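Since the structure comes first, as C-alpha cells, the remarks are kept for the end.
The values are calculated or read from the model by the stated rules, or taken from the named source; none is laboratory data. These numbers come from a predicted model, not from an experiment. Here the Cβ positions follow ideal geometry from the backbone for every residue, glycine too, while neighbour counts run over all protein chains shown. What goes into the accessible areas is simple: the full protein's heavy atoms, side chains included, and nothing from ligands, DNA or RNA. Shrake-Rupley method; radii C 1.70, N 1.55, O 1.52, S 1.80 Å.
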Amino acid sequence: THSGKANKMKIFLFFILLVGFCIGCLAQPKFELGLTTQGAWVPVSELGEYSPSLKNGFASGAGIYASKSLVYRFSVLSGIVYQLREIKQYHISGDNDPFTPIRGYWEKFPHHYFVVPVYLQFNVSKNFLVFGGIENAWLINYEKIYQNPEHNWTTGIESRKHKIHWSLSYVWNDEYQNFAKKSSDGYNGYTYVAYNYSMLRLSLSYPLWKK
C-alpha cells in the first residue's frame, strides 16, 4: 500500500542518516554534545467513530543531542528525547431519555514518548542552518497502539548566534495514530482514539562539549 511504502522510505532514510552520523564520528574532527529542551503546539484532526471530538494539545520534552560535521557545510545530528504530548477527547454521558440532560467532559490523554531524531543539517551561514530528517517516536504508556514507533518527517531552521541555540521546526506524519486504554464505559472495555497530528515546535539547545 501507499502508506506501507511511505513508512519503508522513512525507515530507510532514518538508517541512511544514522549511518552518516556514525561515519562522521569516525572521520571528522568537529563534534558537539549538548542538552536540548522543547515545547510544541500539537494540532490534531480526529478520525473514525471512536474520536468524535478532539482538542488541540501541547507537548514538551528534554534530552541530549550529538552533532557531527560531514563534508562542506553539511552535518548530521542525532540524540534521544523524552517527550510528553497531551490531547483531550470530549465524552458525552447520559441516556436516551430526552428529558435527561446530557453532560459532557474533556478527558486528558497523556502520551509518553522516547524520540530518536536523525537530521541532516546545512549551514547557510556561520550562525544559521536549515535541517530536515526523520524522528522515530516510541509511545510507551498504552497497551493497544496502531503505529509504534511513529516515523515523523521534520524540517526546520536553527540559530547558533548565541550560547543557547534556538530552532523552530515543523513535524508531521502521513499516517494516522490509533491507541486504546482500558475503560469501564468504553467499547469492549477500551476507549479508542484515532487521529492525525502535526507539531509546530520551539527548541532550545545548550552545547556542553565541543571537539
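Figures for the structure shown
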| item | result |
| --- | --- |
| Filter pass, Asn148 being open to solvent by 40 Å² or more (accessible area, probe 1.4 Å), modelled with pLDDT of 80 or more and outside any strand (DSSP E or B) | yes |
| Exclusive hit being in a strand (DSSP E or B), closer than 29 Å to Lys68 by Cα and in contact with a Lys or Arg (Cβ under 7 Å, 6 or more places away or on another chain), set Ile134, Ile157 | Ile134 |
| Flag for Pro117 being surrounded by fewer than 13 Cβ atoms within 10 Å (Cβ to Cβ) and at pLDDT 85 or above | no |
| Qualifying residue in the range 71-84 (condition: open to solvent by 70 Å² or more (accessible area, probe 1.4 Å) and modelled with pLDDT under 85) | yes |
| Failed item in (1) surrounded by fewer than 17 Cβ atoms within 10 Å (Cβ to Cβ); (2) at pLDDT below 95, with Tyr176 passing the rest | (1) |
| Residue selected from the range 46-70 under the condition open to solvent by 30 Å² or more (accessible area, probe 1.4 Å) and under 16 Å from the mean Cα position of the chain (by Cα), by the criterion modelled with the lowest pLDDT | Asn56 |
| Which numbered condition Pro98 misses (of (1) within 30 Å of Thr191 (Cα to Cα); (2) modelled with pLDDT of 80 or more) | (2) |
| Counted residues, the range 98-157 - those being within 17 Å of Gly61 (Cβ to Cβ) and β-branched (Val, Ile, Thr) | 6 |
| Residue match in the range 113-132 (condition: hydroxyl-bearing (Ser, Thr, Tyr) and in contact with a Phe, Trp or Tyr (Cβ under 7 Å, 6 or more places away or on another chain)) | yes |
| Residue match in the range 189-202 (condition: over 19 Å from Ile80 (Cα atoms), part of a loop (DSSP other than H, G, I, E, B) and without any contact (Cβ under 8 Å) to a residue 40 or more places away in the chain) | yes |
